[in-house]
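Report on the structure given below.
The values are calculated or read from the model by the stated rules, or taken from the named source; none is laboratory data. Just so you know, these numbers come straight off a predicted model, no measurement behind them. For neighbour counting, all protein chains shown are included, and Cβ atoms are generated from backbone atoms with ideal geometry for every residue, glycine included. Heavy atoms of the whole protein, side chains included, go into the accessibility calculation; ligands, DNA and RNA do not. Shrake-Rupley method; radii C 1.70, N 1.55, O 1.52, S 1.80 Å.
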Amino acid sequence: MAHRWTNDLTRADATPEHVWLNRRQILGAGVAALALGATPARADALEPNSWDEITSYNNFYEFGTDKGDPKKYAGALTTAPWSIEIDGMVDRPGTYSIEDILAQMTIEERIYRFRCVEAWSMVIPWNGFELADLLDMVGVQESAKYVAFETLYRPEEMPGQRTRFIEWPYVEGLRLDEALHPLTIMATGIYGKPMPNQNGAPIRLVVPWKYGFKSIKSIVKITLTDVEPPTSWNRLQPSEYGFYSNVNPKVNHPRWSQATERRIGGGLLSPRIPTLMFNGYEDEVASMYAGMDLTKFY
Ligand code: MTE
């Protein structure tokens with residue numbers, strides 16, 4: 001694999017929430033904060049949101065369309081046992097339990113602090129592992145060009161799936177180079193704790209330089225393919241949502257500007273702040289799109 005972030009921390013090093021919340025004091029006391037993975041360009045990106053903010057304001061349409069619905073209804077979701085079927089252009093297709101992936105395959109959980117942006121933004125300390133490690137484990141074949149992802153379909157436990165608002169299951173996709181990028185992670189928790197159901201338990205994607213909807217939750221299937229896979233939002237509204245969905249303040253959504261965002265936790269009166277190209281991860285990811293017209297490939 002090309003280059004990886006040097007990051008030697010494991011889940012055992014996860015900073016407890018109260019330590020995060022007291023970070024300023026801790027820095028004052030001269031104890032170095034954990035500086036993990038890539039930190040984006042902007043200084044405000046370092047202050048993580050509280051557990052409460054991260055788990056009370058969610059998009060997870062399988063549980064309803066209101067931002068409070070996932071917290072209200074996702075508790076009913078059974079998340080253990082859980083396995084992911086991995087198929088398509090791989091050497092070792094199969095159904096892998098999360099325990100198998102983490103333990104037997106010695107894929108190590110680490111901590112990542114990423115900004116997430118939609119029309120709003122949060123900073124979330126995830127725990128998880130690089131998707132590249134999982135793809136290495138199953139052996140990606142030369143012919144593969146894309147990775148397709150699928151969420152659980154279980155209308156008995158996911159009331160939103162009883163309506164046809166979205167064509168279920170929720171699906172997403174990445175180009176193979178995006179999927180192999182070290183900033184693309186499979187997250188299994190937040191603040192060192194297991195993933196709350198409303199945030200995509202037990203395992204979800206996080207792609208920090210793309211809009212939030214690319215980060216598909218509660219994944220049950222991953223397929224390596226040579227054709228661009230369908231994505232739920234593109235299928236629903238192709239003129240508004242493309243395949244790439246890279247954070248780009250210069251390309252507006254047809255119905256609203258994407259130049260600024262509202263920081264969750266800043267209070268209702270806090271000013272909107274400018275959104276950064278690739279959500280602040282430009283140095284790390286821009287080269288993957290060199291020569292592409294990003295107004296066309298939005
Ligand atoms: N994944 C599934 N399966 N269903 C969804 O409705 N919503 C997406 C994404 N992943 C969604 C999903 C959207 S629109 C966003 S902004 C993020 O999850 C929100 O993640 P968060 O609630 O953990 O912040």
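Kindly indicate which of Gly68, Gly64 is within 12 Å of the ligand (Cβ to nearest atom) and on the phi > 0 side of the Ramachandran plot. Walk me through it before giving the result.
Numbers: Gly68 fails: on the phi > 0 side of the Ramachandran plot.
On inspection, the qualifying residue turns out to be Gly64.
Restricting attention to region 125-141, which residues are small (Gly, Ala, Ser) and under 12 Å from Arg110 (Cα atoms)?
Gly128
Quick one: in region 71-91, of everything that is surrounded by 15 or more Cβ atoms within 10 Å (Cβ to Cβ) and among the β-branched types (Val, Ile, Thr), which residue is farthest from the ligand (Cβ to nearest atom)?
Our first condition is that a residue be surrounded by 15 or more Cβ atoms within 10 Å (Cβ to Cβ); within region 71-91, this holds for 71, 73-74, 77, 79, 82-84, 86-90.
Remaining after also requiring among the β-branched types (Val, Ile, Thr): 79, 84, 86, 90.
Working: Thr79: 13, Ile84: 14, Ile86: 18, Val90: 22 Å.
Result: Val90.
Just checking, how many residues over region 269-284 are under 17 Å from Gln258 (Cα atoms), open to solvent by 80 Å² or more (accessible area, probe 1.4 Å) and assigned to a loop (DSSP other than H, G, I, E, B)?
2
Of all residues in region 228-257 being in a helix (DSSP H, G or I) and within 12 Å of the ligand (Cβ to nearest atom), which is farthest from the chain's Cα centre (by Cα)?
From region 228-257, those in a helix (DSSP H, G or I) are 232-236; that's our starting set.
Cutting the leftovers down to within 12 Å of the ligand (Cβ to nearest atom) gives us 232-233, 236.
Details: Ser232: 15, Trp233: 16, Leu236: 20 Å.
Checking each candidate, the answer is Leu236.
Conditions: (1) in a loop (DSSP other than H, G, I, E, B); (2) more than 20 Å from Ile216 (Cα to Cα); (3) open to solvent by 40 Å² or more (accessible area, probe 1.4 Å). Ser287 meets all but one. Number of the miss?
Checking Ser287 against (1) in a loop (DSSP other than H, G, I, E, B); (2) more than 20 Å from Ile216 (Cα to Cα); (3) open to solvent by 40 Å² or more (accessible area, probe 1.4 Å), the one that fails is (1).
Just checking, how many residues over region 92-104 are open to solvent by 50 Å² or more (accessible area, probe 1.4 Å) and closer than 9 Å to Val138 by Cβ?
Selection size over region 92-104: 2.
Considering only region 174-193, I want to know if a residue exists there that is touching a residue at least 60 places away in the same chain (Cβ under 8 Å), of a type in the set (Asp, Glu) and buried (at least 21 other Cβ atoms within 10 Å of the Cβ).
Yes, region 174-193 contains at least one residue that is touching a residue at least 60 places away in the same chain (Cβ under 8 Å), of a type in the set (Asp, Glu) and buried (at least 21 other Cβ atoms within 10 Å of the Cβ).
Would it be correct to say that Pro169 is in a loop (DSSP other than H, G, I, E, B) and more than 10 Å from the ligand (Cβ to nearest atom)? Outline the logic, then answer.
On the way: in a loop (DSSP other than H, G, I, E, B): yes; more than 10 Å from the ligand (Cβ to nearest atom): no.
No.
For region 49-61, give me each residue that is assigned to a helix (DSSP H, G or I) and more than 9 Å from the ligand (Cβ to nearest atom). Before the answer, list the steps.
If we filter region 49-61 for residues that are assigned to a helix (DSSP H, G or I), which is where we start, we get 51-56, 61.
Residues satisfying the conditions are Trp51, Asp52, Glu53, Ser56.
Quick one: how many residues across region 206-221 are farther than 13 Å from Tyr61 by Cα and of a type in the set (Phe, Trp, Tyr)?
Selection size over region 206-221: 2.
Tell me, please, whether a residue that is in contact (Cβ under 8 Å) with a residue 12 or more places away in the chain, part of a loop (DSSP other than H, G, I, E, B) and either surrounded by fewer than 20 Cβ atoms within 10 Å (Cβ to Cβ) or not hydroxyl-bearing (Ser, Thr, Tyr) (or both) can be found in region 122-140. Step through it out loud before you land on a result.
Of region 122-140, the ones in contact (Cβ under 8 Å) with a residue 12 or more places away in the chain are 122-140.
Adding the requirement that they be part of a loop (DSSP other than H, G, I, E, B) leaves 139.
After this cut, where a residue has to be either surrounded by fewer than 20 Cβ atoms within 10 Å (Cβ to Cβ) or not hydroxyl-bearing (Ser, Thr, Tyr) (or both) as well, the list is 139.
Yes, the conditions are met somewhere in region 122-140.
Please specify each residue of region 178-207 satisfying the condition of being within 9 Å of the chain's Cα centre (by Cα), within 12 Å of the ligand (Cβ to nearest atom) and not small (Gly, Ala, Ser). Before you say what the answer is, go through the steps one by one.
So in region 178-207, the residues within 9 Å of the chain's Cα centre (by Cα) come out as 184-187, 204-207.
Adding the requirement that they be within 12 Å of the ligand (Cβ to nearest atom) leaves 187, 204-207.
Across region 178-207, the qualifying residues are Arg204, Leu205, Val206, Val207.
Pick out the one residue from Ile107, Ile101 that is closer than 23 Å to Leu176 by Cβ, touching a strand residue (DSSP E or B) at 6+ places or on another chain (Cβ under 8 Å) and assigned to a helix (DSSP H, G or I).
On the way: Ile107 fails: assigned to a helix (DSSP H, G or I).
Within the list Ile107, Ile101, the selection yields Ile101.
Which residue pairs have Cβ atoms closer than 8 Å, lie 6 or more positions apart in sequence or on different chains, and pair a first residue in region 210-227 that is under 19 Å from Met288 (Cβ atoms) and assigned to a strand (DSSP E or B) with a second residue that is open to solvent by 10 Å² or more (accessible area, probe 1.4 Å) and of a type in the set (S, T, N, Q)?
Close Cβ pairs satisfying both conditions: Lys210/Asn246; Leu224/Gln141.
Count, please, the residues in region 141-159 that happen to be open to solvent by less than 40 Å² (accessible area, probe 1.4 Å) and more than 21 Å from the chain's Cα centre (by Cα).
Summing the residues that are open to solvent by less than 40 Å² (accessible area, probe 1.4 Å) and more than 21 Å from the chain's Cα centre (by Cα) in region 141-159 gives 3.
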